[in-house]
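The structure appears below as structure tokens.
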Amino acid sequence: MTFYELSIVVTLSATFIVVCVYFFLYSLYRQTYIGLWAIFWLVHFVSQIFYRTPLHQLPLFLLISVQIILLSNYLLLIYATCKFLEHKMHKGWYYSAFGVIIFSIITSSLDMHFLVKVVPACVFVAYIYFWHSWMFIRHLNTKGWGKTIVSLAFLGTGIHTLDMPFLITVTWFIPWGFLISGTLRFIIALGILMLYLERNFRDLATKEKQYRLLAENAADTIYLYKLHPVPKITYLSPSIVKLTGYDISDFSQSPELLFSLIHPSDTLLIQKLIQDPVATSATPIIMRLIRRDHTIIWVEQTTVPIFDENGVCMSFEGIIRDITARRELEHDVSRLDRLNTVGQMAANVAHEIRNPLTTVKGYLQLFQRKSNFASYQEQFNLLISELDRANLIIQEYLSLCQNKSRELKSFQLNQIIQDIYPLLKAAANATSKDVCYNAAPTPAVCLDEKEIRQLLLNLVRNGLEAMEPGGTVTLKTYVENGDVVLSVQDQGKGIPQHILDNIGKPFLTTKENGTGLGLAVIYRIVSDHRATIQVDSGPLGTTFKVIFKNT
């Protein structure tokens, strides 16, 4: 193979490599401008195969045709680059190409000198390469060597295009011209690949940063659990600190710490998840976590299994959300729904039951006065006391009725307590117990006086019944965060946990003769006043705090 033939093979191979690079990039990104670039270089490659005769030896018609095809192809290159750089293609390019074609036709028809025929076209093509060099280096907003290499390669190609009309007739230079042209095209292909690799790395780094910011600033906790080859947690978002109270370093030192925080009653759920994450991921897992401060919170976990190319689950991603507030809201809604049911029952049957009870009690009192029944006084008193008890239960039913009218007026809570305090004191003294009242200045709030009296009576009565003789129920009023707080504290043994978890439910009681409606009435009154209630119970006693919003 001669040096001339080798140079032709090299330039064709280089152009073919450029074509392959662009079609490869188009198959990856499916961008229009990449496809147009690929078409440009393909036309360039085909033209080199079919037009191996030197330009100065081509017939007139063929020379004009080659120039029209090549100039149109370069317009396609400009259009593609403008789309890539998001610039609008100026109409001057079309006018310039049309002018060069007309000039070439005229000069070729007049059989003018070869340089006159081709120099305008070569200058136009060289200017296109120079324009590409400038646009890539000036307007391409990327960092790295890729755009620099492409820009220099286009600059070199433009210079080589300008020397072509003058050196194409120099026999010894033609092979070197082919080699230079092929090398420059190869450098363009290499630079384009580098450009897209740099862009990919930059985009990946940007997206990784964005995803990391999303994960690290998300309210929900995100973790990645690897199943093979060694099960372990490989990622844990910082929100786990707020969720559990433990630092990230604690989880690094003890990989199983997260799962050890799961409530013992819910460990079976997480075991099923680890054994079969695909089946378990179909529905969210609701479970309890024990925080560092030993408080229990409810969480909802959603899992997404991650598979390898063989369809084997290699790991899963878990998203843990604190739903304690939602569970409390659901608990409150459920409790209010039960209160509504009891209220409807009260409205339907209470009055009908009280009428015959009143008649029975009246006749018993009448018979009690007759001398014929003097020997049955003890039995009459028992019957009347049981009727009074039944009447009290009905009265509590009626207090749960939602249709009861309420008059909310501006009252001083301290004044209501002072009015009822002697009655509370007398009730405590009757059972060898005491009631203590500590009042602080409080602003007026909207209250229903009768219902607040009932709330006080129920709370104090519950506190007295929970204590042994000698105990004291302490009433306090104070202002906290602008809200008025009523506190009732006893010195009993505390409320059992199973009762505390369901406190406020109707018919739930620990008393042998209790109705289970006292606290239900309290919660209904608190709800009607748009207040909130907090319960703190332990071995040393129980404290009920009723917080009235001062709006």
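Somewhere in the range 132-145, is a residue more than 57 Å from the chain's Cα centre (by Cα) and either among the hydroxyl-bearing types (Ser, Thr, Tyr) or in the same structural domain as Trp37 (by TED's automatic domain parsing) (or both)?
Checking the range 132-145: not a single residue is more than 57 Å from the chain's Cα centre (by Cα) and either among the hydroxyl-bearing types (Ser, Thr, Tyr) or in the same structural domain as Trp37 (by TED's automatic domain parsing) (or both).
Which residues, counting only those in the range 433-451, are out of contact with any His (no Cβ under 8 Å at 6 or more places or on another chain) and either crowded, with 19+ Cβ neighbours inside 10 Å or of a type in the set (Val, Ile, Thr) (or both)?
Residues satisfying the conditions are Lys433, Val435, Thr442, Val445.
Which residues, counting only those in the range 239-291, are among the hydroxyl-bearing types (Ser, Thr, Tyr) and under 27 Å from Asp308 (Cα atoms)?
Ser252, Thr280, Ser281, Thr283
Suppose we filter the range 282-294 for residues that are touching a helix residue (DSSP H, G or I) at 6+ places or on another chain (Cβ under 9 Å) and farther than 21 Å from Glu256 by Cβ; how many remain?
Total satisfying the criteria: 1.
Is the range 39-60 home to any residue that is farther than 27 Å from Ser7 by Cα and either at pLDDT 85 or above or assigned to a helix (DSSP H, G or I) (or both)?
Among the residues of the range 39-60, not one is farther than 27 Å from Ser7 by Cα and either at pLDDT 85 or above or assigned to a helix (DSSP H, G or I) (or both), which makes the answer no.
With the requirement that a residue be within 13 Å of Leu195 (Cα to Cα), among the small types (Gly, Ala, Ser) and either at pLDDT 85 or above or in a helix (DSSP H, G or I) (or both), what does the range 114-152 give you?
Passing the criteria: Gly146, Ser151.
Within the range 188-195, can one find any residue that is surrounded by 13 or more Cβ atoms within 10 Å (Cβ to Cβ), assigned to a helix (DSSP H, G or I) and either assigned by TED's automatic domain parsing to the domain that holds Phe316 or under 27 Å from the mean Cα position of the chain (by Cα) (or both)?
The answer is no, given that none of the residues of the range 188-195 is surrounded by 13 or more Cβ atoms within 10 Å (Cβ to Cβ), assigned to a helix (DSSP H, G or I) and either assigned by TED's automatic domain parsing to the domain that holds Phe316 or under 27 Å from the mean Cα position of the chain (by Cα) (or both).
Go through (1) modelled with pLDDT of 85 or more; (2) at positive phi one by one and return the number of the condition Arg291 breaks.
(2)
Any idea which residue in the range 131-156 is surrounded by the most Cβ atoms within 10 Å (Cβ to Cβ), counting only those that are of a type outside the set (A, V, I, L, M, F, W, C) and out of contact with any Ser or Thr (no Cβ under 9 Å at 6 or more places or on another chain)?
The extreme case among them is Lys147.
For the range 83-111, enumerate the residues that are under 30 Å from Arg30 (Cβ atoms) and without any contact (Cβ under 8 Å) to a residue 40 or more places away in the chain.
Glu86, Lys88, Met89, His90, Lys91, Trp93, Tyr94, Ala97
Can you pull out every residue in the range 252-298 that is aliphatic (A, V, I, L, M), within 21 Å of the chain's Cα centre (by Cα) and outside any loop (DSSP other than H, G, I, E, B)?
Within the range 252-298, Leu258, Ile285, Ile286, Met287, Leu289, Ile297 meet the criteria.
Please state which of the following conditions Ser527 fails to meet, knowing it meets all the rest: (1) modelled with pLDDT under 80; (2) surrounded by fewer than 17 Cβ atoms within 10 Å (Cβ to Cβ).
(1) is the only condition that Ser527 fails.
In the range 299-336, what residues are part of a strand (DSSP E or B), over 19 Å from Lys232 (Cβ atoms) and in contact (Cβ under 8 Å) with a residue 60 or more places away in the chain?
Listed by number, the residues that qualify are Arg321, Asp322.
Has the range 93-110 got any residue that is at pLDDT below 85, assigned to a loop (DSSP other than H, G, I, E, B) and surrounded by fewer than 12 Cβ atoms within 10 Å (Cβ to Cβ)?
yes
Determine whether the range 203-219 contains at least one residue that is touching a residue at least 60 places away in the same chain (Cβ under 8 Å) and surrounded by 15 or more Cβ atoms within 10 Å (Cβ to Cβ).
no
Of the residues in the range 468-484, how many are crowded, with 21+ Cβ neighbours inside 10 Å and more than 15 Å from Gln415 (Cα to Cα)?
Here the count works out to 1.
Condition first: free of Cβ contacts under 8 Å to residues at least 40 places away in the same chain, more than 24 Å from Leu85 (Cβ to Cβ), aromatic (Phe, Trp, Tyr) and in the same structural domain as Thr11 (by TED's automatic domain parsing). Can you find one or more residues in the range 151-160 that meet it?
Looking through the range 151-160, none of the residues is free of Cβ contacts under 8 Å to residues at least 40 places away in the same chain, more than 24 Å from Leu85 (Cβ to Cβ), aromatic (Phe, Trp, Tyr) and in the same structural domain as Thr11 (by TED's automatic domain parsing).
Given the residues Ser265, Ser237, Ser252, Ser260, which is the only one that is of a type in the set (S, T, N, Q) and at pLDDT below 80?
Ser252
Take the residues in the range 232-244 that are surrounded by fewer than 16 Cβ atoms within 10 Å (Cβ to Cβ) and of a type outside the set (Ser, Thr, Tyr); name whichever of them is farthest from Tyr211 (Cα to Cα).
Top of the filtered list is Lys232.
Looking at this structure, is Asn348 in a helix (DSSP H, G or I), out of contact with any helix residue (DSSP H, G or I) (no Cβ under 6 Å at 6 or more places or on another chain), surrounded by 12 or more Cβ atoms within 10 Å (Cβ to Cβ) and modelled with pLDDT under 75?
In short, no.
Of the numbered conditions (1) without any contact (Cβ under 8 Å) to a residue 12 or more places away in the chain; (2) within 15 Å of Phe411 (Cβ to Cβ), Asp501 satisfies every one except a single condition; which is it?
Status for Asp501: all satisfied but (2).
The values are calculated or read from the model by the stated rules, or taken from the named source; none is laboratory data. From a predicted model like this one, the values you see are computed outputs, not experimental measurements. Every residue, glycine as well, gets a Cβ built from its backbone with ideal geometry; the counts of neighbours run over all protein chains shown.
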